[in-house]
1. Return the residues of segment 234-268 that are in a helix (DSSP H, G or I), more than 25 Å from the chain's Cα centre (by Cα) and buried (at least 18 other Cβ atoms within 10 Å of the Cβ); say none if nothing qualifies.
2. Tell me yes or no: at least one residue of segment 341-364 is assigned to a helix (DSSP H, G or I), open to solvent by 10 Å² or more (accessible area, probe 1.4 Å), in contact with a Gly (Cβ under 9 Å, 6 or more places away or on another chain) and at pLDDT below 95.
3. Answer yes or no as to whether residue 414 is more than 22 Å from residue 324 (Cβ to Cβ) and surrounded by 15 or more Cβ atoms within 10 Å (Cβ to Cβ).
4. Residue under question is residue 168, and the condition is that it be at pLDDT 95 or above, among the aromatic types (Phe, Trp, Tyr) and over 22 Å from residue 427 (Cα atoms); does it hold?
5. Among the residues of segment 374-392, is there at least one that is modelled with pLDDT of 95 or more, hydrophobic (A, V, I, L, M, F, W, C), open to solvent by 20 Å² or more (accessible area, probe 1.4 Å) and out of contact with any strand residue (DSSP E or B) (no Cβ under 8 Å at 6 or more places or on another chain)?
6. Do the conditions hold for residue 225, that is, is it in a loop (DSSP other than H, G, I, E, B), basic (Lys, Arg) and touching a helix residue (DSSP H, G or I) at 6+ places or on another chain (Cβ under 8 Å)?
7. For segment 1-46, give me each residue that is modelled with pLDDT of 80 or more and either of a type in the set (Lys, Arg) or not in a helix (DSSP H, G or I) (or both).
8. Show me the strands (runs of 3 or more DSSP E) found entirely inside segment 443-505 where at least 2 residues are surrounded by fewer than 24 Cβ atoms within 10 Å (Cβ to Cβ).
Amino acid sequence: MTITLSDQDKSTLRTAAYGAVSLMAANGAAGKPHKIASTGSIALGSATGLIGHVLAEYPKGKDLAGKSVAEIADRVLPALTAAMNLLNKQDPAEADNFRGTVLIAVETAQIHQGQPSPAAAEMARKITAALDAARVAAADNGAVPEAAAGQDRPELQKAIEEIVDSGFVGVSLRVHDERGEWAGSAGAAELGGTAKPPINGHVRIGSNTKTFTATLVLQLVAEGKIGLDTPAAYYLPDFGLDERITVRMLLRHTSGLFNFSGEVYDDGTVVPGIPIPYGTTGKEWVDNRLKTYRPEELVRLALSKPARFEPGTGWSYSNTNYVVTRLLIEGVTGRSVAEEMRRLILGPLGLSGTMVPDASPEIPAPHAHAYYRYEDAGEQKTIDITRQNPSWISSGGDMISTTRDLHTFISALLSGKLLPAPLLAEMCTPHPTGIPNMDYGLGVFVVTTDDGTVISHNGAAVGHAALMYSTPDGSKTLIAALNCVDDADLSIAAAFQNAQQRLLNEVFGGGQADPAQPTD
């Protein structure tokens, strides 16, 4: 597509892009504004195509120097929105290129702040919101998102409305297929409210975290830092791990390690782990939902219990596998899993709405709300649990993301942008789970549908849930975010399973839906 930009348009783009870097440098810079501005500006050099040529010229005058944060924001945030508007009108691909480049620069600036401050994180959110303002405004007004202009997908809107009617508070859906992109929402962002869930709001993604973590491990395998068939004990000698357990077994759930969030055995025996939101410990979890668990604590609890089976002789979904994997990543690299995630996945893909919260209970705006219903002294209570400390599940399911970021991630992963082809093939090689039409690879489910194979990993996180499905080449994706009223009896479980199946049927032609465990 031919695109024509006036000198004023080009000035707007440069002011917006370099101004975003200036905002990050001025806001929460901890005495390193020059370094942050320099590294952020270098990151803008990653732009390609026309945008690359435009941003190669620094804005003349540099009239943002010496201004306060508020003064810079007043000029730059509207410029970011204006830049996206003018690019979207001519070539949405160039708009996406510009957006991704700016977010990579912002992410780079945050990394070079060491431990980003809350003020810096909030500024990054404002920059992202400014980039997305036109699309969000259209969506909030009930209009079709720009990327879906010209499409009429009443079957998708009907599907999510019926899912809301089945018991969910709200649903947001994003589909990429041969007809382009469609995104929409139904229901409410809050109980009793009238506003729909934000189409690209933040959501706790539960066990989709496992796919991110497995990808990170395989990237470190590609860098020669980890061996897939090396015993995990080699990297973590202080835990007394069974030396037969390999890294591959952790990623595939064939280690036999006890699930620290509790186990239900074939004969119906229940062996509890830490207090979780389900079963007899629901009220205890509610009362202590801001408590911090350290990953070492969770692993040592699991290792104090008998293994389910000998390493490599069975398959059993265990969150412990991925918390051990987190510790392994941090031990090998000397950096936190959040830092490594930013270095290898979030930064390169520009996933500004995705984060590893560790023990923080916060979730960035915009977001739909999560709820929990429980009995207290004979009285039924429903409370807002949107703020909750996710350290109780750790790398088994603690991450936060958006539907757009999840699409970008799974599409990039399966199209070969994150892993060498042999490692991607290893990731998607199915291993039997005992579940009909559902095998497991390394951090992904391999689902058989009526129309072929789908790669998936869904997750639930107490009142929030996220669905992520893709064709093996990343060309068709289904991403959904759901918010609901959860409870100790898992009353929403059947509706959740039906919702997965309904959307899978609608987009991919059916098959067995991923039975994502509610405790992840």
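1. Filtering segment 234-268 down to residues in a helix (DSSP H, G or I) leaves 234-235, 247-252.
This time we only want the ones that are more than 25 Å from the chain's Cα centre (by Cα), so: 234-235.
Of everything in segment 234-268, just one residue is in a helix (DSSP H, G or I), more than 25 Å from the chain's Cα centre (by Cα) and buried (at least 18 other Cβ atoms within 10 Å of the Cβ), namely 235.
2. Taking every residue of segment 341-364 in turn, at least one turns out to be assigned to a helix (DSSP H, G or I), open to solvent by 10 Å² or more (accessible area, probe 1.4 Å), in contact with a Gly (Cβ under 9 Å, 6 or more places away or on another chain) and at pLDDT below 95.
3. yes
4. Working: at pLDDT 95 or above: yes; among the aromatic types (Phe, Trp, Tyr): yes; over 22 Å from residue 427 (Cα atoms): yes.
Here the answer is yes, as residue 168 does meet what is asked.
5. No, segment 374-392 has no match at all.
6. Here the answer is yes, as residue 225 does meet what is asked.
7. 5, 6, 10, 14
8. Numbers: elements: 445-449, 452-456, 464-470, 477-483, 485-487.
Hits in segment 443-505: 445-449, 452-456, 485-487.
The values are calculated or read from the model by the stated rules, or taken from the named source; none is laboratory data. Because the structure is a prediction, the values reported are computed rather than measured. With ideal geometry, Cβ positions are generated from the backbone for all residues, glycine too; neighbour counts draw on all protein chains shown. Each accessible area value is taken on the protein alone, full model and side chains, heavy atoms only, with ligands, DNA and RNA left out. Shrake-Rupley method; radii C 1.70, N 1.55, O 1.52, S 1.80 Å.
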